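Student: Shown below is the structure under consideration.
Read-outs: derived from the displayed coordinates by stated rules, not from any lab. For clarity, every value in this text was computed on a predicted model and none was experimentally measured. Here the Cβ positions follow ideal geometry from the backbone for every residue, glycine too, while neighbour counts run over all protein chains shown.
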Amino acid sequence: MTMLMKNGVFCTPSGLKVKGQSYAKLEAAANTLRSKLPVAVGEQFKLDCISIFEVTLPSAGYAYRTVEVDAVDECAAFTIPEERVVVLREDVYEKLHAGQAFGRSTVIHELSHLALQHHVTLYRGAVPGQHEFFEDSEWQAKALTAALMMSLEAAKAASSPQNLAEICGTSVESATYRIKTLVKLKLLTPSHSLWEYGPQQ
């Protein structure tokens, strides 16, 4: 088990143990899946997340519904694979329609869980937190979400993390982390305004 420190506190994987995935495999999966997803009208890189939630998922056999905030406590969204239903909290659904990054990324995050078939590859009976990050359902979904929403092509076209966030409809924090990851993987060369986000920092 890999232990990480965050603000002086040990951090462990937050999801469930599933079949391991490398960054390379997740990038490849994103490239294959992205070509099947709609892009917002007039945009080159920004995914049409409303259409993905309300049209693409239903066409793939997954119904969607929204629930009140109090009904799901701190959970923004979840999927019930057995019932083929994706559930989004009402306030997150409103953020999706307002074009806010959190609402958009939440939809792609749930799509990522489905695409990675976590309900099939789940290690039932595994002790929570006692597995590596590459085996973690949440780590994998977050990595695939970033790769889907911010393609390598978009990262190369962007002039800064702020610009990447703007053209892809994500948060600046997510765009910054995405650039760091691509640089670390040697898929993106730090230059000009992106240099400060190289792995040497």
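Student: Excluding D48 itself, what net charge comes from residues whose Cβ is under 13 Å from its Cβ, given Lys and Arg +1 and Asp and Glu -1?
Tutor: Charge balance near D48 sits at +2.
Student: Right, here's the next one. Taking neighbour Cβ counts within 10 Å as the exposure measure, how do S105, S14, S171 sort from fewest upward? Let's see the in-between values first.
Tutor: Numbers: S105 26, S14 13, S171 16.
Least crowded to most crowded, the residues run S14, S171, S105.
Student: Run the numbers for A60 and E82: contour at 0.36 nm per residue of separation, minus the present Cα-Cα distance, in nm.
Tutor: Numbers: separation 22, 0.36 × 22 = 7.92 nm, distance 1.42 nm.
Contour length minus Cα-Cα distance gives 6.5 nm.
Student: Return the whole-Å distance between the Cα centroid of segment 147-183 and the Cα centroid of segment 55-89.
Tutor: Taking the Cα centre of each part, segment 147-183 and segment 55-89 sit 27 Å apart.
Student: Moving to a separate point now. Could you check the simple spin-label distance between K184 and V67, using points 7 Å along Cα→Cβ, in nm with one decimal?
Tutor: 3.3
Student: For each of R178, R84, count neighbouring Cβ atoms within 10 Å of the residue's Cβ, then give the residues from fewest to most. All intermediate terms of the calculation are to be shown ahead of the outcome.
Tutor: Working: R178 28, R84 14.
The most exposed by this proxy come first: R84, R178.
Student: To check my understanding: the extent here is largest minus smallest coordinate of the Cα atoms along each principal axis. What are those three numbers for segment 15-149, in Å, largest first?
Tutor: Taking max minus min along each principal axis of the Cα atoms, segment 15-149 gives 42, 36, 25 Å.
Student: Quick query: amide H of V67 versus all other amide H atoms, modeled in the peptide plane; which residues come in under 5 Å with a sequence gap of 5 or more or a different chain?
Tutor: L88, R89, E90
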